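Colleague: Before anything else, here's the structure in question.
The values are calculated or read from the model by the stated rules, or taken from the named source; none is laboratory data. Keep in mind the model is a prediction, meaning the values are calculated, not measured. Note that we place each Cβ from the backbone using ideal geometry, even for glycine, and neighbour counts take in every protein chain shown.
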Amino acid sequence: MKKHVARFVLGALCVVLMLGHAGQVWQIPFVTALEAYLYDARLRLTMPETLDQRVVIVDIDEKSLGEVGRWPWGRNVMAELVRRLTEQYQASVIGFDVVFAEPDASSGLQVLEAIGRQQLKDNPEYQRTVRDLRPQLDYDQLFADTLRGQPVVLGFYFSGKNTQQTGILPPPALAAQAFAGRAVSFVSWDGYGGNLPKFQQAAAGGGHFNPMVEPDGVYRRVPMLVEFHGEYYEALSLAVLRTLLGADELRPGPLENGQRVEWLDLIAAQGSVRIPVDEHVAALIPYRGYERSFVYISAVDVLKGRASAEQLAGRIVLVGTTAPGLMDLRATPVGGAYPGVEVHANLIAGMLDNNIKRQPGYLPAAEIFQLILIGGLLVVFLPLLSPIRAMLLAMTSLASVLAFNLWLWHSFNLVMPVAATIFLLIVLYGLNMTWSYFVESRSKRQFAELFGQYVPPELVDEMAKNPESYSMEGRNAELTVLFADIRGFTALSEGMDPKTLTRLINVYLGVMTDVIRANRGTLDKYIGDAIMAFWGAPLSDPENARHAVLTALSMQKALAAQAESFRARGWPALEIGIGINTGMMTVGDMGSPVRKAYTVMGDAVNLASRLEGITKAYGVGIVVGEVTRARISDISFRELDRVKVKGKDEPVSIFEPLGLSAELSAATLDELALWHHALQLYRAREWELAGLQIYNLQQRAPGCRLYALYAEHIVAQREEPPNSLWNGVTTYQTK
């Protein structure tokens, strides 16, 4: 049992993680997305995919637009549509998935009245003619008169993006006092788009057609009640059903159950309809099929009397559109371009059939119990079983969870959360099956083989004490990288025979490598005569920038110490340039199946390479970037310039490390202060004073390439002063 303690602990942590998700202490996005996917899968698996003829969709489709004209149609046309549906076809109730927010000026009445108020205001015959024509040309009034007394419900929408309010809202389904003392988590809005007052006041009711958009953009539920300015407004589907049943009372319940509303009851003379809702008072949409689960009739066929009376008589009619250009196609679990009007049809049918899926308040507790039961079983027994028996236990548990969930779904309309349990089951099984291969079989010898070629042996020993903490997997971290290159190596190699050159390079690389390893560096690679190394991985090093700079200083000293030995062998003296930079890099084992290397990549690495390339321009042996400089406090640096290197748009400050501040002489520190003052004068365009300061510095160090370089810059700036955009930045176009 003791050897399995680590697996018991890891398994228990996985259970706790899933319990926190189920208890909404935190959210795991992947599990949330998996829950949505599994909900959609169950929905598609159990859809009846039959045609429901109780609800008819009068479709403003492309055929209708082709015969009647482009949308919006005149209100006289809409009045004719309502008249046909109510008088000729005897529809039981009509719901409009359309908003009539703007006055209709298509008849020209406003123009005639304007002429009557101006050019022909004194013409009695004209005034009488306009007055006689008004009842025929006032399309808005004609539409309002047609709506009055008819079972017509108008749709409207709420907006959360702004507080704009157009038209008017219907009377609220429930007033503020209906939820007094209860902090129900209603969906709330800031603005709305309603119908013109004369239309809404003439209609039998109104309902919003706002769905709840899930994080993945899919429409799975519609809020049955939403809150706006302390009052509560019903969904279009609910308003249509209330009008159909003649239900005067909408009752939330149970009132005694804390803050949550579990359902809404429609109370009518012939009985009541109960609508299950979630914590946001939203109902899950009971999609019947992938598309066209209801009778569709083209609106133009109704207008021209060509529709079947048998299909419309006594039916619930929803007027909406499927024409792509009218933008009422939605992403749903059963289709990516699903007609919005059919969403309302599915809800109405589901309420009539009492088959809307439920998510009562006790389900989170039930999910927690399920997680504890399944998780506890697997955590205890999987480490103790053989691979075959562990697989059988996991598969049996998975099948039992799925079967139980589908039974609740089909028999009781319960949407029991299942994603966290399935995910936990898979994770626990995978964890236990891979533990032996990836953890228990690891040895110090394998660990040393893995890292020994990159880091010093003493670091390998230190890492091997806790091997689980180190990995060659890719990760991002702030590291420091160093590039060192021999100056003039091409010319040098051309003057030596291959064997001599090989011995020289081997000695040089051996000395430099020893210095890097002595300073806890990770040797990345040799690139011909160049060396690449970095600090901070695989062993964490908070002082990686400092160690890299000290290494560079030691490399220069070690190379100088080899000069006498090289001369004795007849070899030329070597000079190297070193570039160092600190920043975020990707570090890990990279390459192909044929060959891999533990290396670093990123912009910060490229910059270090560029800095090594410009050391010769300033006559210095080491150049470091500004981030490296900022990470070190006990080394003195000489600022060299602000430069733009190839591949980077932003300029960076570059510095030369001089050594530990405590070890520098007073004369060196004094010279450093004079140089920084000269650089300040140069950037301020004080050419005369800067030139004088540079001259004084050249007297101190006649052979300094840096001072000579800036003296040349000052002469050039005097002869041709820079424009107002000059910022003292030097641009390098080569690598």
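Colleague: Sort out which residues of the range 523-549 are in contact with a Gly (Cβ under 8 Å, 6 or more places away or on another chain) and either assigned to a strand (DSSP E or B) or not assigned by TED's automatic domain parsing to the domain that holds residue 579 (or both), and write them in order of number.
Modeller: Matches in the range 523-549: 533, 534, 535.
Colleague: Of 607, 611, which residue is in contact with a strand residue (DSSP E or B) (Cβ under 8 Å, 6 or more places away or on another chain), closer than 18 Å to residue 516 by Cβ, assigned by TED's automatic domain parsing to the domain that holds residue 551 and not polar (S, T, N, Q)?
Modeller: Step by step, each of 607, 611 is checked, and only 611 is in contact with a strand residue (DSSP E or B) (Cβ under 8 Å, 6 or more places away or on another chain), closer than 18 Å to residue 516 by Cβ, assigned by TED's automatic domain parsing to the domain that holds residue 551 and not polar (S, T, N, Q).
Colleague: Pull up the range 20-52, narrow it to residues that are under 19 Å from residue 402 (Cβ atoms) and of a type in the set (D, E, K, R), then point me to the one that is surrounded by the fewest Cβ atoms within 10 Å (Cβ to Cβ).
Modeller: 44
Colleague: Moving on to the next point. Can you give me the number of residues within the range 558-603 that are more than 29 Å from the chain's Cα centre (by Cα) and either in a helix (DSSP H, G or I) or outside the structural domain of residue 623 (by TED's automatic domain parsing) (or both)?
Modeller: Here the count works out to 10.
Colleague: Another one. Contact list please: Cβ distance under 6 Å, first residue in the range 542-553 and at pLDDT 95 or above, second residue surrounded by fewer than 20 Cβ atoms within 10 Å (Cβ to Cβ) and part of a helix (DSSP H, G or I), pairs at least six apart or on different chains.
Modeller: Note: no pairs meet the criteria.
Colleague: Residues in the range 202-214: is at least one in the same structural domain as residue 338 (by TED's automatic domain parsing), of a type in the set (Asp, Glu) and out of contact with any Lys or Arg (no Cβ under 6 Å at 6 or more places or on another chain)?
Modeller: Within the range 202-214, not a single residue is in the same structural domain as residue 338 (by TED's automatic domain parsing), of a type in the set (Asp, Glu) and out of contact with any Lys or Arg (no Cβ under 6 Å at 6 or more places or on another chain).
Colleague: Here's a follow-up. Being over 15 Å from residue 636 (Cα atoms), touching a residue at least 12 places away in the same chain (Cβ under 8 Å), among the hydrophobic types (A, V, I, L, M, F, W, C) and touching a strand residue (DSSP E or B) at 6+ places or on another chain (Cβ under 7 Å): is that true of residue 706 here? Give the derivation first.
Modeller: Details: over 15 Å from residue 636 (Cα atoms): yes; touching a residue at least 12 places away in the same chain (Cβ under 8 Å): yes; among the hydrophobic types (A, V, I, L, M, F, W, C): yes; touching a strand residue (DSSP E or B) at 6+ places or on another chain (Cβ under 7 Å): yes.
Judged against the criteria, residue 706 is a match.
Colleague: Scan 19, 10, 34 and give me the residue that is modelled with pLDDT under 90 and part of a helix (DSSP H, G or I).
Modeller: Details: 19 fails: modelled with pLDDT under 90; 34 fails: modelled with pLDDT under 90.
Sole residue among the options that is modelled with pLDDT under 90 and part of a helix (DSSP H, G or I): 10.
Colleague: Within the range 494-515, restricting attention to residues that are outside any helix (DSSP H, G or I) and touching a Pro at 6+ places or on another chain (Cβ under 9 Å), which residue is surrounded by the most Cβ atoms within 10 Å (Cβ to Cβ)?
Modeller: 496
Colleague: Can you find even one residue in the range 559-579 that is surrounded by 20 or more Cβ atoms within 10 Å (Cβ to Cβ) and more than 18 Å from residue 510 (Cα to Cα)?
Modeller: Yes, because at least one residue in the range 559-579 is surrounded by 20 or more Cβ atoms within 10 Å (Cβ to Cβ) and more than 18 Å from residue 510 (Cα to Cα).
Colleague: Limited to the range 635-654, what total is found for residues that are acidic (Asp, Glu), in a strand (DSSP E or B) and surrounded by fewer than 18 Cβ atoms within 10 Å (Cβ to Cβ)?
Modeller: Within the range 635-654, residues that are acidic (Asp, Glu), in a strand (DSSP E or B) and surrounded by fewer than 18 Cβ atoms within 10 Å (Cβ to Cβ) number 1.
Colleague: Would you please list the contacts, defined by Cβ atoms under 8 Å and residues six or more apart or on different chains, that run from a residue in the range 156-176 that is under 16 Å from residue 237 (Cβ atoms) to a residue that is surrounded by fewer than 12 Cβ atoms within 10 Å (Cβ to Cβ) and small (Gly, Ala, Ser)?
Modeller: Hits for this filter: zero, empty list.
Colleague: Just checking, which of 133, 120, 112 is at pLDDT below 90, outside any helix (DSSP H, G or I) and on the phi < 0 side of the Ramachandran plot? So that I can check it myself, show each step before the final result.
Modeller: Values: 133 fails: outside any helix (DSSP H, G or I); 112 fails: outside any helix (DSSP H, G or I).
None of the others qualify; the one that does is 120.
Colleague: All but one of (1) in contact (Cβ under 8 Å) with a residue 40 or more places away in the chain; (2) over 25 Å from residue 237 (Cα atoms); (3) not in a loop (DSSP other than H, G, I, E, B) hold for residue 381; which doesn't?
Modeller: (1)
Colleague: Residues 358, 330, 389: which one is outside the structural domain of residue 239 (by TED's automatic domain parsing), farther than 21 Å from residue 419 by Cα and either at pLDDT 85 or above or surrounded by fewer than 21 Cβ atoms within 10 Å (Cβ to Cβ) (or both)? Give the derivation first.
Modeller: On the way: 358 fails: farther than 21 Å from residue 419 by Cα; 330 fails: outside the structural domain of residue 239 (by TED's automatic domain parsing).
After applying the criteria, what remains is 389.
Colleague: Same structure, new question: Would you check if residue 657 is of a type outside the set (A, V, I, L, M), within 30 Å of residue 604 (Cα to Cα) and not in a helix (DSSP H, G or I)?
Modeller: Yes: the conditions hold for residue 657.
Colleague: Return the residues of the range 709-735 that are surrounded by fewer than 15 Cβ atoms within 10 Å (Cβ to Cβ) and either among the basic types (Lys, Arg) or closer than 13 Å to residue 691 by Cβ (or both); say none if nothing qualifies.
Modeller: 712, 715, 716, 718, 719, 735
Residue-by-condition table, conditions (1) modelled with pLDDT of 90 or more; (2) over 37 Å from the mean Cα position of the chain (by Cα):
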| site | (1), (2) |
| --- | --- |
| 471 | no, no |
| 475 | no, no |
| 489 | no, yes |
| 496 | no, yes |
| 506 | yes, yes |
| 510 | yes, yes |
| 516 | yes, yes |
| 522 | no, no |
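Colleague: Checking the conditions here, which among 35, 67 is over 26 Å from residue 104 (Cα atoms), touching a helix residue (DSSP H, G or I) at 6+ places or on another chain (Cβ under 8 Å) and in contact (Cβ under 8 Å) with a residue 40 or more places away in the chain?
Modeller: 35
Colleague: Among the residues of the range 715-735, count how many are under 25 Å from residue 610 (Cα atoms) and touching a helix residue (DSSP H, G or I) at 6+ places or on another chain (Cβ under 9 Å).
Modeller: 7
Colleague: Output the residue which, of all residues in the range 604-634 that are in a helix (DSSP H, G or I) and of a type in the set (Asp, Glu), is nearest to residue 552 (Cα to Cα).
Modeller: 612
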